[in-house]
Amino acid sequence: MQQKNKSFVKILDRCLDKVEITIGIIAFLGMTFTVLISIILRYIVRVPNLVGEEISRYFLVTVVFIGISVCMRVKGHMGVTIFVDHLPSRAQAVVRCFADLVSTATIFGISYFAWKYALAAVEHPQISVATGLPMYVMYAVMALGFTLSAIRLLILFWNDHLSITHP
């Protein structure tokens, strides 16, 4: 049973890696390309590119929210550990487990409300000014980033506190 769960967690981890990296690379390249085109249009052709500026902003938002999940994967999120570091090792383990549980629950809550927000934007549509893109698309990107982060934290919690063998 333990081996089956471990393999599922590894498969899920690899799938998330591929999804995050693919989305991140596409968004970063898209942002780079649209900024380059905007620079060429503005300084060489002397035409402002409002659509390109808006698209590059949306690509940046995508990179940031998907990057949150990538950061969670490598435990690169911020944390203040000065107090925990001075506790006895057994107490450190308990406090870290509690902190990880609270972080995981919080991100799941944020993810839930982000999806509610995106769905509310579908019911009451807003359209971006330059591109005409429905704003619920960007709200869904935000929700996806939080959902991926929540799954990442759940995997980390499993590996750090529930799994018999660490990855």
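Roll a 1.4 angstrom probe over the protein heavy atoms and tell me the percent of accessible area of region 35-98 that is carbon or sulfur. Show your work: numbers first, answer last.
Numbers: 3370 of 4630 Å².
Carbon-and-sulfur percentage of accessible area, whole number: 73.
Averaging the inverse of every distinct alpha carbon separation and then flipping it gives the Kirkwood radius. What is it for the chain, in angstrom units?
Values: mean 1/r = 0.0545 Å⁻¹.
It is 18.3 Å.
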note = GNM of the chain, Cα pairs under 10 angstrom: of LEU16, LEU41, LEU154, the biggest fluctuation goes to LEU41
request  = For the chain, report the accessible area per residue in Å² (1.4 Å probe, heavy atoms, rounded to an integer).
outcome  = 66 Å²
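The values are calculated or read from the model by the stated rules, or taken from the named source; none is laboratory data. All values derive from a computational prediction rather than experimental measurement. The area values use the complete protein model at the heavy-atom level, side chains included, leaving out ligands, DNA and RNA. Shrake-Rupley method; radii C 1.70, N 1.55, O 1.52, S 1.80 Å.
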